[in-house]
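Here's the structure, in structure tokens; my notes come after.
What follows is calculated from the coordinates using simple rules that are stated; it is not laboratory data. All of these numbers come straight from a predicted model, not from anything done at the bench. Cβ: placed from backbone, ideal geometry, glycine included. Neighbour counts: every protein chain shown.
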Amino acid sequence: MQSKKTSIDVSHIAKLASLPLTKEEEELFSKQLSSTLSYVQQLGEVDTKNVEPTAQVTGLMNVFREDSIVPGLSQEEALKNAPGQHNGFFKVDSIF
Amino acid sequence: MTIKDAIHALQTKKFSSKELVQGCLDQIQKYDNHLHAFLTVDDKNALSGAENADSLLHQGIKKPLLGIPIALKDLFSTNQLRTTAGSKIIDNYIPPFDASVVTKLKDAGAIVIGKTNEDAWGHGSSGENTDYEPTRNPYDTTRVPGGSSSGAAVAVAAGMSLAGTGTDTGSSVRLPAAFCNLVGIKPTYGRVSRYGILSMASSFDTIGHMTKTVYDNALLSEVTAGFDTKDATTVDVPVPSYTQALGNKVRGIRIGIPKEYFEAQGMQKEIQETIQAAMKDFESLGIQFKEISLPHTSYAMACYYILVPSEVSSNLARYDGVRFGHSRNQFGAEAKRRIMLGTHALSAGYYDAFYKKAAQVRTCIKNDFEEAFKQVDVMMMPSSPTIPFKIGEKTSDPLSMYLSDIFLCPVNIAGIPGLSVPCGFVGTLPVGIQIVGPQFSEEQLYVLADAYEKINTWYTQVPNMKAI
């Protein structure tokens with residue numbers, strides 16, 4: 001079942017995912033994710049020439065609704081769980 | 001106690017809803033510091049809800065679940081009641097609204113007794129990936145109850161609630177149902193609204209529940225199923241009266257036995273024997289069995305563990321500690337692993353080899369089922385290749401944990417319904433059998449399971465609570 005070893009650049013991926021990891025986590029995940037990635041390599045054996053990918057299983061498409069105004073959360077309700085607020089807005093860390 | 005019996009007792013005034021709810025709260029008080037089924041118990045509102053239900057019952061008002069206590073997996077948003085997803089990152093989150101399913105259950109008269117423990121975000125098969133205390137199986141407290149809807153299953157098995165809701169993305173209702181001697185439904189994709197349920201993998205997620213009996217399970221499905229304008233993936237197909245269909249004739253139904261499932265590695269001999277005994281009982285009902293083939297079965301787990309983490313990485317991107325909750329370093333280990341795996345599969349240079357390839361294999365697996373359903377009406381297979389495993393047995397090896405869902409995940413890949421039903425015991429440990437049908441065939445699954453339950457009342461074998 002386990003074929004060739006696959007590696008994953010854990011620190012690069014963690015950066016893409018905006019996920020702070022400790023050194024210990026990086027080492028552990030590198031080992032564990034490589035083993036999972038080796039396992040999934042077997043998909044390469046399946047002949048998928050001319051096979052369409054599936055993302056929607058019941059075949060629904062183009063689901064529309066009227067663009068009408070319906071009641072939503074009040075500003076107070078929407079902000080209630082926010083750890084940082086300023087003048088009725090969400091407060092975020094600066095990104096520049 | 002079953003919901004059916006409780007409804008009868010409430011209507012004939014054998015006991016009140018308040019007594020029923022108090023009985024559940026007493027069980028929680030007595031056993032939950034060891035079993036860890038609940039993350040939040042809403043005793044005050046549950047008791048006042050029960051008083052209100054008693055007054056409606058007194059007025060002769062009829063609602064399908066009036067006065068019945070239920071437990072909700074902590075992925076279900078509940079208005080003004082803490083909702084954690086089993087994760088520490090949102091341990092302080094108080095939703096300002098109810099999920100559509102919660103609204104439907106409340107409108108049907110059900111009483112929410114509390115929010116149940118789970119593998120955080122639904123990521124797991126044992127309940128051990130919770131960021132809180134792992135839930136224990138009341139049939140043997142050294143073993144897992146199955147996950148991810150671990151607490152909801154234990155709440156029902158241990159008499160703390162009459163029903164437990166769950167989500168099923170790969171196994172999360174059916175595996176805990178099998179491990180805790182319960183009936184668990186994973187409905188067709190789009191059968192039940194997901195509005196207000198914290199998303200895991202959006203092209204797989206379904207909303208189900210666990211109960212002691214098939215009747216109880218069918219009754220809840222009648223309440224929860226149906227089109228919802230707030231969830232564009234719900235399908236506008238009429239919801240049959242599942243409970244009225246119970247008792248319909250089963251003679252002549254053709255059941256397929258997928259040979260690949262019975263050749264799977266790691267299937268325990270005792271499971272094989274228990275399943276074979278159950279099949280004999282089905283045969284006695286006039287069912288015909290036919291061997292069928294699902295040729296891409298061995299690729300299902302690999303397909304699942306590309307597509308699901310990809311969708312997970314996207315869905316969990318919204319937990320940034322800005323609008324609610326804490327910062328992203330608070331994610332538990334399994335959530336971190338899945339975010340990383342998914343981000344990797346979707347990243348530049350890897351997308352075609354991983355995500356697109358897996359989405360194509362998904363088509364092959366779905367086609368396998370569609371082809372097989374041209375020859376048979378439903379299929380049957382074990383719910384799990386093993387009995388409930390020991391706590392800690394698989395935690396250091398995530399891949400071995402993933403493989404405990406080998407009989408359940410393919411059903412989510414194809415978007416079809418699956419029902420896990422108790423079919424016996426190995427020693428004191430429950431075993432489940434899964435019945436699978438084409439999309440929107442829930443009624444057929446319930447009819448068959450009910451016919452079997454009538455000759456085998458496994459659900460009456462409750463855990464020995466004295467040993468806990």
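Take A:Ser11 and B:Ala317, extend 7 Å from each Cα along the Cα→Cβ direction, and tell me the distance between the two endpoints in nm.
2.4
Rank by packing, highest mean first: peptides B:152-165, B:228-241, B:79-92, with packing defined as the count of other Cβ atoms within 10 Å averaged across residues.
B:152-165, B:79-92, B:228-241
Using alpha carbons only, how many angstrom separate the centre of segment B:299-322 from the centre of segment B:384-456?
23
Where in chain B are the DSSP H helices whose C-alpha atoms run 18 Å or more along the long axis and whose mean Kyte hydropathy is at least 0.0?
Span-like helices here: B:300-315.
Average partner chain C-beta neighbours within 10 Å, per residue of A:17-23?
Shielding by partners across A:17-23 averages 6.
If I fit a long axis through the Cα atoms of helix A:23-40 and take the longest principal axis of the Cα atoms of chain A, what angle between them do I get, 0 to 90°, rounded to 10?
Helix A:23-40 sits roughly 60 degrees off the main axis of chain A.
Using Cα positions and a limit of under 27 Å, work out the lysines in reach of B:Lys269, with same-chain residues fewer than 8 apart set aside.
Qualifying lysines at Cα under 27 Å: B:Lys186, B:Lys212, B:Lys259, B:Lys280, B:Lys290, B:Lys390, B:Lys394, B:Lys454.
Hey, what's the per residue convex hull volume over the C-alpha atoms of the protein assembly as shown, in cubic angstrom?
Dividing the Cα hull volume of the protein assembly as shown by its residues yields 159 Å³.
For peptide B:355-368, how many partner chain Cβ atoms fall within 10 Å of a residue's Cβ, on average?
Average per residue, whole number: 5.
Output needed for chain A: three equivalent-ellipsoid semi-axes, defined as square roots of 5 times the C-alpha gyration tensor eigenvalues, in descending order, whole Å.
Values for chain A, descending: 40, 29, 10 Å.
What's the ranking of B:403-413, B:337-347, B:270-280, B:420-430 by average number of surrounding C-beta atoms within 10 Å, highest first?
Averaged packing, sorted descending, gives the order B:403-413, B:337-347, B:420-430, B:270-280.
Could you tell me the calculated FRET efficiency between A:Glu77 and B:Leu56, based on Cβ-Cβ distance and R0 = 30 angstrom, to the nearest 0.05?
Computed FRET efficiency for A:Glu77 and B:Leu56: 0.55.
Counting pairs of Cα atoms in segment B:154-298, how many percent are more than 23 Å apart?
For segment B:154-298, the fraction of Cα-Cα distances above 23 Å is 50 percent.
Please average, across the residues of A:28-35, the number of beta carbons from any other chain that are within 10 Å of each residue's own beta carbon, and give a whole number.
Whole-number average of other-chain Cβ neighbours for A:28-35 is 4.
Please list, in order, the residues from segment B:135-158 whose amide nitrogen is less than 20 Å from a point placed 7 Å along the Cα→Cβ vector of B:Met465.
B:135-143, B:145, B:150-158
Within a Cβ distance under 9 Å of B:Gly67, other residues only, what is the Lys/Arg minus Asp/Glu net charge?
For residues surrounding B:Gly67, the net value is +1.
So how far apart, in nm, are the two label points at B:Phe262 and B:Asn45 if each is 7 Å from Cα heading toward Cβ?
If labels sit at B:Phe262 and B:Asn45, their model points lie 4.9 nm apart.
Indicate the gyration tensor shape class of segment B:3-467 (rounded, prolate or oblate), computed on the Cα atoms with a ≥ b ≥ c the square roots of the eigenvalues: a/c under 1.5 is rounded; otherwise a/b larger than b/c is prolate and the rest oblate.
Rounded, since a/c falls under 1.5.
Grab every C-alpha pair in segment A:1-45, bin the distances at 10 angstrom width from 0 up to the longest one, and report whole percents.
Cα pair-distance distribution for segment A:1-45, in percent: 28, 46, 23, 3.
What number comes out for the charge environment of B:Arg251, summing +1 per Lys or Arg and -1 per Asp or Glu over other residues with Cβ under 15 Å away?
-1
Using the per-residue mean of other Cβ atoms lying within 10 Å as a proxy for protection, in what order, highest first, do the peptides A:79-88, B:259-268, B:212-221, B:105-114 fall?
Output ranking for A:79-88, B:259-268, B:212-221, B:105-114: B:212-221, B:105-114, B:259-268, A:79-88.
Please identify which residues in segment B:379-403 have an amide N closer than 14 Å to a label point set 7 Å out from the Cα of B:Glu273, following the Cα→Cβ vector.
What the label zone holds, given the 14 Å backbone N cut-off, is B:387.
For B:Thr297, what charge total do you get from the other residues with a beta carbon under 14 Å from its beta carbon, if Lys and Arg give +1 and Asp and Glu give -1?
The answer is -4.
With the cut-off at 1.5 for a/c, could you classify segment B:358-468 from its C-alpha gyration tensor as rounded, prolate or oblate?
Taking the square roots of the gyration eigenvalues as a ≥ b ≥ c, segment B:358-468 is oblate.
In nm, give the distance between the simple-model label positions of B:Asn329 and A:Ser68, each being 7 Å from the Cα along the Cα-to-Cβ direction.
5.0
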